[in-house]
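Asks: Below: one structure in structure tokens.
The values are calculated or read from the model by the stated rules, or taken from the named source; none is laboratory data. Remember, predicted model here, so these are calculated numbers, not experimental data. Methodologically, a virtual Cβ is constructed for each residue, glycine included, from the backbone with ideal geometry; neighbour enumeration extends over all protein chains shown.
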Amino acid sequence: MKAARFDYEKPRELGAALKLLTEAGADAKVLAGGQSLGPMLNLRLAQPALLVDVRGLPELGEVRDEADAVFIGACTTHAAIEDGRVPDPTQGFLRKVARGIAYRAVRNRGTVGGSLAHADPAADWVSAMAVLDARIVVRGPQGERTVAAADFVLGIMSTALGEGEILVGVRVPKLSTRARWSYWKYCRKTGEFAEAIGAFVIDPDRGWWRGVMGATEGAPVVIEDARVLDPAAVAAEAYEPGTYEHQVHAVALKRAAAALDR
Amino acid sequence: MHKGVGARLPRKEDARFLRGQGQYVANIRMVGMCDVAFARSAVAHGRIRGIVKPSGREASVFTAADLAGVRPIVADSGLPGFKSSAFPVLATGKVRFVGEMLAMCVAATRAEAEDLAAAVEADIEPLPAVHDMLEALCPSAPRIHEHWPDNVFLETVIDADLADVQARAAIKVTRRIRTARQAMNPMEGRAVLAYVDRRLDQLVVYAGDQMPHITRTGLSECLGIDHGRIHVVSPDVGGGFGYKAILLPEVVCVAWLAMKLGRPVRWLEDRYEQLSANANCREHHYDITGYADADGRLLAIDCEAVVDSGAYSLYPFSACLEAAQVGSILPGPYRMEKYRCRTWSAATNKPGILPYRGVARTGVCFAIELVMDAIARAARREPYEVRLANLVPPDAMPFVNVTNKYFDSGDYPQAVRRAVAALGWDGWREKQRRGLPDGRRIGLGLAVYCEQAAHGTSVYYGWGIPMVPGHEQCQARLSPDGVLELRIGAHSHGQGMETAFAQVANELLGIDPANVRLIHGDTALTPYSTGTWGSRCAVMSGGAVATACQEIGRRVRRIAGKLMEVAAEDLELVNGEVRVAGTDRRMTLAEVAHVWYRQPQLLPDDVDPGGLETTAGYKAAKDTGTFSYACHAVVVAVDVELGHVDILDYAICEDGGTLINPMIVDGQIYGGLAQGIGTALYEEMPYDDNAQPLASTLSDYILPGPSEVPEPRIDHMETPSPLTFFGQKGIGEGGAIAPPAAIANAVNDALAPLGVELLEAPITPRRILAALAAAKKR
């Protein structure tokens, strides 16, 4: 299938991008790597009148090493993270997650901001940023604000982004050297969307025993204290016990937890 | 270096394919070319009350009413009782499957044509849809073709009295076995570009096509114009598998439009169309019983089989090919006393069935091999022991089996022994007993089959197929510079014929394959052929090439004999030269050719006036063709928490007779294996109760990728067929026949101790977990 007709703008600075989005309202969509939006355009599941290409915006290309966190600009590709071309404050967790996203060809263009804004529940960054308690940085007509990653995805393809707002980056906290983590996902086929994700980040210096159950029907389920973990009970928060979905999600949590001990 | 039959010569065509320089229909650009998109039915079954063209763009949209004079596609089997259905190229009266074409929209670009298609308004009164072949057979089912008394294209019966066997059988295994509907997914979709050549007063049709001559004939019949005014060219084809062995309604429509508009018109199928409108293969159901003695020796097979044949009979193979095949090949490579089989080709509200690599052999192998393993479990014997006890032994060859199939040659038990040994079966049994540290359960499985290929006239006539192959031809011409041109009517879509037939020429004429040019795919340049299907080309086209080369060789030696003043019999053809045996007197093929073309005064008086160009015809010594065979043996690890199956090892022992190019054969097997794994574990097009296809993208319809397909160990046996030129047999489909059965048997071997036996392909995690849960409850 071929996309329906659309107009295309590639603003060179953030203010211009925000103006375009505010004026077009729901008729505009932001384009970054195009790895999620492209197929939707081609299948005509999305028919925006205007595409605003944000890849030229300097703010979205920044990567900043801050005191307690690393700011990763929205247009940073999965490949850049996988390759370590971006500082990794998570003791290897970010790189491991990036490496497992789809296929390398997709990772060469797909972006962390695009993935979060698209909010496909099966997306790796949706789960990974939630368990890291990352902060999503948003810029809009009202200025800049941050949203906790766990609060950012509201449901399937639905986020806390308001009208005319752009996701400019994500602030990932620096884990201590004593941190341990695991990330386990089940795909029917290598490179395809996850059917279930289980992930844990343990950082005694922060008092963290965080976990997440991802690839659900909506927002990932964050486990604030994973010291007492009942995978079946967590899975039951989203799925009926006895179903296939419940089983694979419980197993994902179980295996992610077991991977911590290795 | 040997470059003839048997050489692992690198393929000539790979020079362009591996560099992305193949030329497919989509690569062709023509001035004024426009693109077509079809508005397709979103309803599986309904009465068309009206189709409204987008206002202001009516001249760019065409419905059935506009295509007056274009005849529907009709593919009637000659078998008694076959019910005829006409497939209009654009829907008329009723729609009968989701994806059926309602209107043809043309614009400067495909995107704009899709805009038009989206604006076409179809007023369709929905009717209850038939989504399942078993329900289609119920008397109360909605009628798909209202002039029929039921939803059955054809019923076939092979009858036998089983009373004696039933009384004697110590083991009786009864199962309901099912394979899912699939989409074939060649990398290149269907494609057609048509235009009118005013100089030649011809419609020219470029199409990715396995049978260009049949397409030409079909277009002639549908459009009502004579063959001379149609020229079909199939350039490079990016995968066929049967998907492009069909007279397409899209091709008829685009050809008609090219004639009407007087400009080049193109349609390129995309993956969405392929999945949502053309999931058209593999869906079988078997109610099957195997009777055996206490040792697992087969006494009889009794079966009722249904094939989901979709809504229309497609040309040229018809709706009943697969079910008719089921009846005659279900016995497989085994001996048995009695055999009874009834089949139905059921009509449903789905795309019409096409034969997909392996055709019915994949389904019957699945059915009978699962029964054989069940018999083995009942007899408490290893699966391979039960196979060895029942396979037709080599000393019985040639063997006429219980359905009168003529097995020409082979050592079926040896293939099993070698595959089992190659896998290291007994070693894996030991590992299975010990268990894997991560808790996954090991299972061993195997499947054996024999594959009838290059079946000819009487077989296809016997199946009532509207297209019956006869002799195959090759036109061979030795050029003035010693280059050999071979023209055949079949066409490559992965078989590597440009290389294989150059090797055949080398074998007979000593000519370097680099100096041999294969011309195929073009109806203006090649002899008529039913095309490439049924693994027939190595035997049929290869035999024709060999026969033609033999004749050229005779003529070359007659001329050279005169020139070198020796008897023709004293001349040998080696290394591109004609040599006097036992001496070093020689001339090149080019020098001989030069005399024919440029110095006829030097020719012998009795030179053949046909010169260095000849057309030779060929068919295998028996119409029943060849029987290649193989055993696939596999080890799996089943994760019983996730239902996930990993293939740990895979071994194949196959016998394709004499292999013209063993590397090409290996490639065929790898590709078939990948598709077989798809059938076994991944691929399924589900339909809901409204006969809506549910997997419209490749994230839902899962194709195995490199991580899912292991590299198999392939062991070749080469028992020459006594019926073909070099002893070669057809092997193009074998790789796709056995994997579903072998893998299912392995999974069942892993899970038998847990009381689980899976009988439905694909064996998905959901099905495994459901079966484990059900077994636990029991």
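Asks: Which ones in region B:375-385 are surrounded by fewer than 23 Cβ atoms within 10 Å (Cβ to Cβ) and among the aliphatic types (A, V, I, L, M)?
Replies: Within region B:375-385, B:Ala378, B:Ala379 meet the criteria.
Asks: I want to confirm something. Restricting to region B:1-23 and keeping residues that are assigned to a helix (DSSP H, G or I) and of a type in the set (A, V, I, L, M, F, W, C), which single residue is surrounded by the fewest Cβ atoms within 10 Å (Cβ to Cβ)?
Replies: Step by step, filter region B:1-23, then rank; the result is B:Ala15.
Asks: Going by the conditions given, is A:Ala160 among the small types (Gly, Ala, Ser), surrounded by 16 or more Cβ atoms within 10 Å (Cβ to Cβ) and not assigned by TED's automatic domain parsing to the domain that holds A:Val248?
Replies: Yes: the conditions hold for A:Ala160.
Asks: When you scan region A:234-258, how many residues do you find that are under 23 Å from the mean Cα position of the chain (by Cα) and either more than 10 Å from chain B (Cβ to nearest Cβ) or hydrophobic (A, V, I, L, M, F, W, C) (or both)?
Replies: Counting residues in region A:234-258 that are under 23 Å from the mean Cα position of the chain (by Cα) and either more than 10 Å from chain B (Cβ to nearest Cβ) or hydrophobic (A, V, I, L, M, F, W, C) (or both) gives 14.
Table: residues versus (1) touching a residue at least 24 places away in the same chain (Cβ under 8 Å); (2) over 14 Å from B:Thr719 (Cα atoms).
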| residue | (1), (2) |
| --- | --- |
| B:Val400 | no, yes |
| B:Phe407 | yes, no |
| B:Ala419 | yes, yes |
| B:Gly445 | yes, yes |
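Asks: Here's something else I'd like to know. Being more than 27 Å from A:Ser127 (Cα to Cα), among the acidic types (Asp, Glu) and not assigned by TED's automatic domain parsing to the domain that holds A:Lys189 narrows it down to one of A:Glu66, A:Glu13, so name that one.
Replies: Result of the check over A:Glu66, A:Glu13: A:Glu13.
Asks: Another one. Taking the stated definitions as given, is A:Ala256 surrounded by 17 or more Cβ atoms within 10 Å (Cβ to Cβ), aliphatic (A, V, I, L, M) and closer than 23 Å to A:His78 by Cα?
Replies: yes
Asks: In the list B:Gly332, B:Gly296, which residue meets the criterion of being closer than 16 Å to B:Tyr449 by Cβ and touching a residue at least 60 places away in the same chain (Cβ under 8 Å)?
Replies: B:Gly332
Asks: Considering only residues of region A:244-253 that are free of Cβ contacts under 8 Å to residues at least 24 places away in the same chain and touching a Leu at 6+ places or on another chain (Cβ under 8 Å), which is surrounded by the most Cβ atoms within 10 Å (Cβ to Cβ)?
Replies: So the residue we want is A:Gln247.
Asks: Do you know which residues across region B:696-718 are touching a Pro at 6+ places or on another chain (Cβ under 8 Å), part of a loop (DSSP other than H, G, I, E, B) and away from chain A (no Cβ under 14 Å)?
Replies: Selection gives nothing.
Asks: Can you find a residue that is within 14 Å of another protein chain (Cβ to nearest Cβ) and over 25 Å from B:Asn690 (Cα atoms) anywhere in region B:345-365?
Replies: No, that holds for no residue.
Asks: Any residue that is surrounded by fewer than 20 Cβ atoms within 10 Å (Cβ to Cβ), within 36 Å of the chain's Cα centre (by Cα), under 30 Å from B:Gly358 (Cβ atoms) and among the aliphatic types (A, V, I, L, M) - is there at least one of those in region B:540-552?
Replies: The answer is no, given that none of the residues of region B:540-552 is surrounded by fewer than 20 Cβ atoms within 10 Å (Cβ to Cβ), within 36 Å of the chain's Cα centre (by Cα), under 30 Å from B:Gly358 (Cβ atoms) and among the aliphatic types (A, V, I, L, M).
Asks: Which one is farthest from B:Glu733 (Cα to Cα), of the residues in region B:625-656 that are outside any strand (DSSP E or B) and within 14 Å of chain A (Cβ to nearest Cβ)?
Replies: In this case the residue turns out to be B:Glu641.
Asks: Take the residues of region A:177-195 that are under 15 Å from the mean Cα position of the chain (by Cα) and within 12 Å of another protein chain (Cβ to nearest Cβ): which is nearest to B:Gly705 (Cα to Cα)?
Replies: Top of the filtered list is A:Phe193.
Asks: Those residues that are buried (at least 24 other Cβ atoms within 10 Å of the Cβ), more than 13 Å from every other protein chain (Cβ to nearest Cβ) and closer than 20 Å to B:Glu273 by Cα, I need them from region B:677-686; list them, please.
Replies: Selection gives B:Met685 alone.
Asks: Could you tell me which numbered condition B:Gly755 fails, if it satisfies all but one of (1) surrounded by fewer than 19 Cβ atoms within 10 Å (Cβ to Cβ); (2) more than 14 Å from chain A (Cβ to nearest Cβ); (3) small (Gly, Ala, Ser); (4) more than 28 Å from B:Met372 (Cα to Cα)?
Replies: Unmet for B:Gly755, out of (1) surrounded by fewer than 19 Cβ atoms within 10 Å (Cβ to Cβ); (2) more than 14 Å from chain A (Cβ to nearest Cβ); (3) small (Gly, Ala, Ser); (4) more than 28 Å from B:Met372 (Cα to Cα): (4).
Asks: It is to be established whether one or more residues within region B:477-485 are of a type in the set (S, T, N, Q) and in a loop (DSSP other than H, G, I, E, B).
Replies: Yes, some residue in region B:477-485 is of a type in the set (S, T, N, Q) and in a loop (DSSP other than H, G, I, E, B).
Asks: Please go through region B:28-42 and give me each residue that is closer than 18 Å to B:Arg190 by Cα, of a type outside the set (A, V, I, L, M, F, W, C) and in contact (Cβ under 8 Å) with a residue 60 or more places away in the chain, ordered by number.
Replies: Matches in region B:28-42: B:Asp35, B:Arg40.
Asks: With the structure loaded, tell me whether B:Ala367 is closer than 16 Å to B:Ala746 by Cβ, buried (at least 24 other Cβ atoms within 10 Å of the Cβ) and of a type in the set (A, V, I, L, M) or whether it fails that test.
Replies: no
Asks: Next question, about the same structure. Please indicate, with yes or no, whether at least one residue in region A:32-48 is among the charged types (D, E, K, R), out of contact with any Leu (no Cβ under 6 Å at 6 or more places or on another chain), farther than 14 Å from A:Thr111 by Cα and away from chain B (no Cβ under 14 Å).
Replies: no
The rows are residues; the columns are (1) farther than 17 Å from A:Ile72 by Cα; (2) touching a residue at least 60 places away in the same chain (Cβ under 8 Å); (3) not assigned by TED's automatic domain parsing to the domain that holds A:Glu23.
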residue	(1), (2), (3)
A:Leu132	no, yes, yes
A:Val138	no, no, yes
A:Pro141	yes, yes, yes
A:Val153	yes, yes, yes
A:Gly169	no, yes, yes
A:Lys185	yes, yes, yes
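Asks: So, restricting to strands (runs of 3 or more DSSP E) that lie completely within region B:564-624, which ones have at least 1 residues that are under 37 Å from the mean Cα position of the chain (by Cα)?
Replies: Because the criterion is at least 1 residues that are under 37 Å from the mean Cα position of the chain (by Cα), the strands (runs of 3 or more DSSP E) in region B:564-624 that meet it are B:571-574, B:613-618.
Asks: Does B:Ala26 qualify as being closer than 23 Å to B:Arg216 by Cα, surrounded by 19 or more Cβ atoms within 10 Å (Cβ to Cβ) and at pLDDT 95 or above?
Replies: no
Asks: Tell me which of these A:Met1 doesn't satisfy, since it passes every other one: (1) closer than 27 Å to B:Leu698 by Cβ; (2) modelled with pLDDT under 95; (3) away from chain B (no Cβ under 14 Å).
Replies: Going through the list (1) closer than 27 Å to B:Leu698 by Cβ; (2) modelled with pLDDT under 95; (3) away from chain B (no Cβ under 14 Å), A:Met1 breaks only (3).
Asks: Considering only residues that are of a type in the set (Asp, Glu) and in contact with a strand residue (DSSP E or B) (Cβ under 8 Å, 6 or more places away or on another chain), look in region B:454-512 and name the one that is farthest from B:Gly657 (Cα to Cα).
Replies: Here the residue is B:Glu485.
Asks: Could you please give the count of residues in region B:40-65 that are in contact with a helix residue (DSSP H, G or I) (Cβ under 7 Å, 6 or more places away or on another chain) and either in a helix (DSSP H, G or I) or aliphatic (A, V, I, L, M) (or both)?
Replies: 2
Asks: Ok, one more. Which of the strands (runs of 3 or more DSSP E) contained wholly in region B:208-304 include at least 1 residues that are out of contact with any helix residue (DSSP H, G or I) (no Cβ under 9 Å at 6 or more places or on another chain)?
Replies: Those strands (runs of 3 or more DSSP E) span B:284-292.
Asks: Please find, among B:Val89, B:Val61, B:Val52, the residue that is touching a residue at least 24 places away in the same chain (Cβ under 8 Å), touching a Cys at 6+ places or on another chain (Cβ under 8 Å) and farther than 23 Å from B:Gly310 by Cα.
Replies: Of the residues listed, the single one that is touching a residue at least 24 places away in the same chain (Cβ under 8 Å), touching a Cys at 6+ places or on another chain (Cβ under 8 Å) and farther than 23 Å from B:Gly310 by Cα is B:Val61.
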